[in-house]
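The values are calculated or read from the model by the stated rules, or taken from the named source; none is laboratory data. Computed from a predicted structure; not experimentally measured. As a convention, Cβ positions derive from the backbone with ideal geometry for all residues, glycine included, and neighbour counts pool all protein chains shown. Each accessible area value is taken on the protein alone, full model and side chains, heavy atoms only, with ligands, DNA and RNA left out. Shrake-Rupley method; radii C 1.70, N 1.55, O 1.52, S 1.80 Å.
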Amino acid sequence: MAAVPATASPSPRSLLQLPRSSPFFPMTNPFIFAGLGGKPSPRLSFPSCSPAAATKSSPSGSPASAPTLSEQLKPISLTFLTDQPEHPEEGEEQETAAAQVDPPPVRLSRKPKSTWVNPSRPRPRVLSLQRHPRSAAAAAGTDGKRMALVSQALRECGGDLAAFSAAVREAFPEGLPARDEALLILGGLRPWEKAYRFFNWLRSLEGFAMETIFYNVVMKSLRLERQYELVDSLAQEMADGGVELDNITYSTVITCAKRRRQFDRAIEWFERMYKTGVTPDEVTYSAVLDVYARLGKVEEVISLYERGRAGGWKPDAVAFSVLARMFGEAGDYDGIRYVMEEMKGVGVEPNLVVYNTLLEALGKAGKPGLARSLFDEMTAAGLAPNEKTLTALAKIYGKARWSKDALELWTRMRANRWPMDFILYNTLLSMCADVGLEEEAEKLFADMKASDRCRPDSFSYTAMINIYASGGRPDNAGELFQEMLTAGVKPNVMSCTCLIQCLGRARRIEDAVEVFDVAMANGVVPDDRLCGCLLSVVAFCRPEQAPTVLARLETANAGLVRLVRMLGDDAVGFEAVKAEFRGILNGTAVDARRPFCNCLIDICRNQSFPYRRPRELFSLGNLYGLYPGLHGKSAGEWSLNLRSLSVGAAHVAFDDWTETLGRSLREGEALPQLFTVHTGAGTHKFSQGLAAAFAAHLETLAAPFRRDEDDRRGCFVASKEDLVPWLLAGDASAAA
């Protein structure tokens with residue numbers, strides 16, 4: 001006799017996390033331990049130890065006596081594996097008794113379930129490894145003409161059930177359709193409105209038994225079109241009317257709620273499923289895992305996953321995709337690595353969907369190197385990437401500024417003729433803008449213009465304008481902007497922002513103002529990015545040009561213009577500036593607050609505003625947390641980080657820092673041996689960076705900082721011996 005395969009043992013990590021009620025919790029019984037070893041063991045179930053066995057009644061109605069020792073020592077093949085019903089009918093009692101004396105060969109109708117049961121503490125299973133059997137409809141005798149007649153009658157009669165009954169009288173001369181034929185018709189009707197009307201007609205027939213399977217079939221038709229309200233109402237009707245809800249019913253309701261993003265309702269139905277004693281199957285388990293993951297309930301996802309694994313569930317690729325996406329959204333690389341290890345341990349080969357999900361997750365976790373290795377593993381396994389794969393990888397390379405890998409990806413795409421869609425084209429253009437690949441972007445843009453189905457849109461033009469603007473080519477950017485307008489493509493905020501900023505840096509103020517006017521005429525709604533761009537243009541203006549730009553800015557953000565005018569008025573005090581500045585920040589997006597402060601400091605320095613204004617704005621920026629991580633202190637080194645500052649703000653921050661150092665020297669505080677200033681070198685091809693401007697500022701001040709080109713790019717260092725005399729000289733000149 002072949003032994004029933006034992007449930008696969010959980011991983012060591014899973015075993016440590018299981019509760020005592022888990023069917024995999026180690027026991028001290030050596031006989032039970034034999035079932036957890038390397039050899040398969042039969043499913044163990046001792047009726048004599050079960051509480052239900054003690055109260056089980058005999059056929060005569062008297063309580064059953066406890067089994068004798070000889071009965072307990074019967075061979076397992078005679079005691080536990082039998083093809084006879086567990087509760088025989090009266091007419092079958094004698095036959096059953098004879099079979100126990102001389103048992104026939106055991107013939108199992110289907111593979112026994114392998115979930116191990118703890119005999120001392122029986123628990124209900126958390127997962128059904130097989131879906132409940134369906135009632136198969138007989139295909140023989142199906143009349144296609146009858147199906148067409150029903151469909152036509154439903155289309156003509158609409159929701160009038162009486163008219164429909166009259167129309168299909170010829171199709172069902174006996175009055176009631178046969179059960180199996182009704183199921184076939186119900187499952188084949190499209191769209192969902194016809195299936196729902198036919199279902200309602202069946203319910204209206206007197207004498208027609210509405211079984212669970214009819215509800216399941218119509219609810220699946222409704223699920224295809226995301227009709228969750230109807231699905232939910234049908235499930236409630238089943239519960240109220242006494243119709244059994246099986247695991248297919250619950251799975252249909254839960255998955256439909258998930259598709260409609262009714263995640264709370266999906267969880268409610270899942271909890272109700274357990275309360276009613278229906279065991280979920282693999283489909284339901286995977287759906288609920290996805291629901292918990294989309295709600296951000298990481299602990300619930302892990303707990304549910306571990307419970308399923310302990311119950312013998314082998315996760316499929318869909319479940320692993322859910323886990324990978326959840327950990328990717330959280331940026332949890334350890335979780336992503338756990339998913340990859342679990343897949344190998346379970347023996348699930350990742351498909352293209354899983355690879356795409358893992359690539360997106362690694363990109364969100366900031367692991368471009370691992371994403372590249374995973375992509376190479378996928379191609380080595382013989383899987384060809386699709387548009388979603390290449391889009392995810394292009395985003396990763398662009399964000400990481402990996403120009404070499406981006407070029408290699410572009411070359412492989414063209415050589416292998418990998419598929420391209422509209423989203424991938426725009427993603428590749430954005431990647432080229434991120435890493436400064438001008439020639440490749442121009443070829444890609446030309447391909448889009450020559451394509452019939454992927455013509456450039458506003459995002460495509462924005463990426464190209466950004467490339468030309470970053471490279472300091474305002475003429476090319478302006479021509480492309482004009483071409484976009486001629487082609488009938490409406491500009492967006494980003495395209496206007498990139499072009500205006502480029503023209504401002506080139507001191508072409510009139511052209512920048514004209515672009516803003518064109519943008520407003522085309523319905524562009526100014527946001528914080530565009531307002532910040534106009535602020536930066538004001539910093540580049542000559543005094544006679546500034547009012548023109550401020551007039552345009554006032555139409556977008558009157559509060560900013562009011563603050564600029566207050567900063568230029570020497571009679572306005574610090575408290576008034578502070579109150580206005582705080583009001584501006586409260587109405588500004590978080591990621592635009594620091595750029596606003598940087599631009600305002602640059603305006604104060606370049607427009608000859610009162611000398612104290614830049615220092616006041618810098619102190620307010622520190623007060624409101626706009627410049628975190630500026631200063632660093634260790635035993636041997638004090639540092640200043642200027643990477644997030646504009647040129648003017650960096651000068652102010654350095655002057656403020658050196659004053660603090662001078663104060664520490666006067667107060668007798670112990671100074672370290674090394675002082676460093678970090679400006680960053682810029683990873684972008686066209687990055688202008690702070691290094692050159694800051695080096696000129698140091699030369700003007702005759703500060704003893706020198707470039708540290710050997711070890712750290714964009715870093716200026718000074719020793720204590722060199723800096724202290726310079727600080728003392730600065731104090732002496734200030735006193736004089």
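Can you name every residue in the range 480-491 that is open to solvent by less than 50 Å² (accessible area, probe 1.4 Å) and under 32 Å from the mean Cα position of the chain (by Cα)?
Listed by number, the residues that qualify are VAL489, PRO491.
Being crowded, with 24+ Cβ neighbours inside 10 Å and out of contact with any Cys (no Cβ under 9 Å at 6 or more places or on another chain) is the filter; apply it to the range 492-502 and report the residue that is nearest to CYS541 (Cα to Cα).
CYS502
For the subset of the range 467-479 comprising residues that are farther than 17 Å from PHE516 by Cβ and in a helix (DSSP H, G or I), which member is least open to solvent (accessible area, probe 1.4 Å)?
Of the residues in the range 467-479, the ones farther than 17 Å from PHE516 by Cβ are 467-468, 470-473, 475-476, 479.
Those left that are additionally in a helix (DSSP H, G or I): 467-468, 470, 475-476, 479.
On the way: ILE467: 3, TYR468: 25, SER470: 34, ASP475: 91, ASN476: 51, GLU479: 124 Å².
Residue satisfying both the conditions and the ranking: ILE467.
State the number of residues belonging to the range 696-731 that are at pLDDT below 80, open to solvent by less than 60 Å² (accessible area, probe 1.4 Å) and more than 14 Å from ASP655 (Cα to Cα).
Here the count works out to 2.
Which pairs have Cβ atoms under 8 Å, sit 6 or more apart or on different chains, and link a residue in the range 658-683 that is more than 20 Å from GLY629 (Cβ to Cβ) to one that is open to solvent by 50 Å² or more (accessible area, probe 1.4 Å) and modelled with pLDDT of 90 or more?
Here the result reads LEU671/LYS720; GLN673/LYS720, each pair linking the range 658-683 to a residue that is open to solvent by 50 Å² or more (accessible area, probe 1.4 Å) and modelled with pLDDT of 90 or more.
With respect to MET420, determine if the residue is open to solvent by 20 Å² or more (accessible area, probe 1.4 Å), in contact with a Cys (Cβ under 8 Å, 6 or more places away or on another chain) and aliphatic (A, V, I, L, M).
For MET420, the condition - open to solvent by 20 Å² or more (accessible area, probe 1.4 Å), in contact with a Cys (Cβ under 8 Å, 6 or more places away or on another chain) and aliphatic (A, V, I, L, M) - is met.
Whether any residue in the range 567-588 is closer than 17 Å to GLU659 by Cβ, over 40 Å from the mean Cα position of the chain (by Cα) and surrounded by 13 or more Cβ atoms within 10 Å (Cβ to Cβ) is what I want to check.
no
If I filter the range 591-644 down to residues being closer than 20 Å to HIS678 by Cβ, open to solvent by 70 Å² or more (accessible area, probe 1.4 Å) and over 37 Å from the mean Cα position of the chain (by Cα), which single residue comes out as modelled with the lowest pLDDT?
The qualifying residue modelled with the lowest pLDDT is ALA635.
From (1) in contact (Cβ under 8 Å) with a residue 24 or more places away in the chain; (2) within 21 Å of ILE248 (Cα to Cα), pick out the condition that doesn't hold for LEU304.
(1)
So which of LEU186, LEU234 is open to solvent by less than 20 Å² (accessible area, probe 1.4 Å) and over 16 Å from MET147 (Cβ atoms)?
After ruling out the rest, the residue left standing is LEU234.
Taking ASP180, is it over 32 Å from the mean Cα position of the chain (by Cα), among the charged types (D, E, K, R), open to solvent by less than 50 Å² (accessible area, probe 1.4 Å) and at pLDDT 85 or above?
Considered against the rule, which asks whether it is over 32 Å from the mean Cα position of the chain (by Cα), among the charged types (D, E, K, R), open to solvent by less than 50 Å² (accessible area, probe 1.4 Å) and at pLDDT 85 or above, ASP180 comes out as yes.
Looking only at the range 561-611, how many residues end up being of a type in the set (S, T, N, Q) and closer than 21 Å to ARG542 by Cβ?
4
Take the range 345-361 and flag every residue that is within 12 Å of the chain's Cα centre (by Cα), open to solvent by 10 Å² or more (accessible area, probe 1.4 Å) and of a type in the set (A, V, I, L, M).
If the condition is that a residue be within 12 Å of the chain's Cα centre (by Cα), open to solvent by 10 Å² or more (accessible area, probe 1.4 Å) and of a type in the set (A, V, I, L, M), then no residue fits.
Taking the range 431-450 on its own, how many of its residues are in contact (Cβ under 8 Å) with a residue 60 or more places away in the chain and open to solvent by 50 Å² or more (accessible area, probe 1.4 Å)?
Looking only at that region, the number is 1.
Being part of a helix (DSSP H, G or I) and among the small types (Gly, Ala, Ser) is the filter; apply it to the range 438-459 and report the residue that is farthest from LEU428 (Cα to Cα).
Looking at the filtered set, the residue picked out is ALA450.
Run ALA209 past the list (1) open to solvent by less than 40 Å² (accessible area, probe 1.4 Å); (2) under 22 Å from ILE185 (Cβ atoms); (3) not polar (S, T, N, Q) and report the number of the one that doesn't hold.
(1)
Quickly run through the range 270-283 and pick out the residues that are assigned to a loop (DSSP other than H, G, I, E, B) and hydrophobic (A, V, I, L, M, F, W, C).
VAL278
Every residue in the range 566-584 that is in contact (Cβ under 8 Å) with a residue 12 or more places away in the chain, farther than 13 Å from CYS531 by Cβ and assigned to a helix (DSSP H, G or I), please.
Listed by number, the residues that qualify are MET566, LEU567, GLY568, PHE574, VAL577, LYS578, GLU580, PHE581, ARG582, GLY583.
Given the criteria over 30 Å from SER608 (Cβ atoms) and in a helix (DSSP H, G or I), does VAL524 qualify?
Considered against the rule, which asks whether it is over 30 Å from SER608 (Cβ atoms) and in a helix (DSSP H, G or I), VAL524 comes out as no.
Would you check if there is a residue in the range 671-682 being at pLDDT 90 or above and open to solvent by 80 Å² or more (accessible area, probe 1.4 Å)?
For the range 671-682, residues at pLDDT 90 or above and open to solvent by 80 Å² or more (accessible area, probe 1.4 Å): present.
Residues of the range 249-278 being out of contact with any Phe, Trp or Tyr (no Cβ under 9 Å at 6 or more places or on another chain) and surrounded by fewer than 18 Cβ atoms within 10 Å (Cβ to Cβ), which ones?
Listed by number, the residues that qualify are ARG261, ASP264, GLU268, GLU271, TYR274, LYS275, GLY277.
Which ones in the range 392-425 are at pLDDT 85 or above, within 21 Å of ALA365 (Cα to Cα) and among the charged types (D, E, K, R)?
Within the range 392-425, LYS395, LYS399, ASP405 qualify.
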